[in-house]
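Data block below; observations after.
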Amino acid sequence: MTTLQSLTRSIALVSLSLLPCGCLEIEITTQVSRDGRLLRTEVVSGDSAEVLSYGFISPVDSTWSVTLGGPDERSFEHKASRLFFSADELSAATRDTAANTLPLRAQLERRFVWFYSEITYRERYLKWNPFGLVPLAEYVSAADLARGMNIGFAGRVPSKEDSLAKERVGQKWTEWMYRDMFEAYYAEFLKGARMLNDPSLPPAIVALHKEEIYRKCGKWWASAGSMDTIGVVIQSIFRNPKAREAIRSNARGFALHNAKLSLAAKIMGKLKRVTIEMPGTFIDSNAPNVDKNRGSWKGVADMSYAADYELWMTSRVVNRWVVLLTALVIIGGISAIFVPPSRDQ
């Protein structure tokens, strides 16, 4: 596991505080068959009818089997499942789909070792940050990553200094997320001012107030529902009604920005667990939790927000046909040795 992947695991809770999570939980499971087929299942559960209106993270269409139910009358469960005949088919299902789908690349590798075959299945969740204007490295250095995650200190209880370092990394991560969202908003506002082309609100004046806009709008950058409030604040900063007109001039750009915020709110914190179930006997995995041949990961959507995140498991299956063939060869050999050849009378 890379340092950045370790970081995203530890600060998942910090990321969740930025965006409304609601009461929904999503679990995705992939059951791998020994012949390479993949049964993909997504379950959206919660205690309200929002479960039905939420939809799915997976690219669910008419090729999926969808059911609605729940363990009791106070719980709702929306379930979708589909059998994919290869890892490539699963990968293709998340390619060029709607924006509310987490992109992933699945891969299945098989290594033949005579009586056994080792099967390795991978799911790489691709970086899905819809903004991406500010590099994370500008806020969290490699040294901070290493110290914050206690790299090289495995096997001992973290010191107070280690815990404080991890907290600082979390704070820097939070600042980066807000700043990244703000830069996307500011780019649209500046574009709107240029489209408005009003002498009382030239781009140069907008640039002079950039940091004031960022500072006064606080945590509202993470909420699509706060865009009107931000508009009011911006107008008060410039003391010019043309500021609101600049926003309206670039209605299309701000609609796209709001869609990106809605995507982050839809995904961030909702996907609670991803599970991979392998055939045969478990060998190895990067899963933090393994139960027999099932590995599970938490916070996958949060971890893949800023960088690709790969899940993998390896198991061993018996090649029955090789065992049978070997047995037949052995039996044939024994027969050739101990059974005398027939003689012509």
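The values are calculated or read from the model by the stated rules, or taken from the named source; none is laboratory data. Keep in mind that what you see is a predicted model, and the values were worked out from it rather than measured. Virtual Cβ from ideal backbone geometry, glycine too; neighbours counted across all protein chains shown. Remember, those area values only see protein heavy atoms, side chains included, never the ligands or the DNA or RNA. Shrake-Rupley method; radii C 1.70, N 1.55, O 1.52, S 1.80 Å.
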**Prompt:** Over all distinct alpha-carbon pairs, what is the Kirkwood Rh of region 198-287 in angstrom?
**Reply:** 16.3
**PHE76, PHE56, ranked by accessible area, largest first (probe 1.4 Å)** = PHE76, PHE56
**Request:** Using a cut-off of 12 Å between beta-carbons, work out the net charge of the residues near GLU118 (Lys and Arg +1, Asp and Glu -1, GLU118 not included).
**Result:** +2
**Prompt:** What does the charge add up to near GLN235, with Lys and Arg as +1, Asp and Glu as -1, over the other residues with Cβ less than 10 Å from its Cβ?
**Reply:** +2
**Prompt:** What order do you get for 303-310, 127-134 when each peptide is scored by the mean count of other beta carbon atoms within 10 Å, highest first?
**Reply:** 303-310, 127-134
**Per-residue ³J(HN,Hα) for region 48-58, Karplus 6.51 cos²θ - 1.76 cosθ + 1.60, θ = phi - 60°, Hz, x for Gly and Pro** = 8, 5, 4, 4, 6, 6, 5, x, 9, 7, 5
**Fill in**
In region 152-277 the accessible area split gives carbon plus sulfur, as whole percent at 1.4 Å, a share of 54
**Asked** Summing Lys, Arg as +1 and Asp, Glu as -1, what charge do residues with Cβ under 13 Å from the Cβ of TYR139 carry, TYR139 excluded?
**Response** -2
**Item:** Accessible surface of THR229 - all protein chains present, 1.4 Å probe, nearest 10 Å²
**Value:** 60
**Request:** Find the relative contact order for region 213-296 and round it to a whole percent, using C-alpha pairs within less than 8 Å whose residues are 6+ positions apart.
**Result:** 20
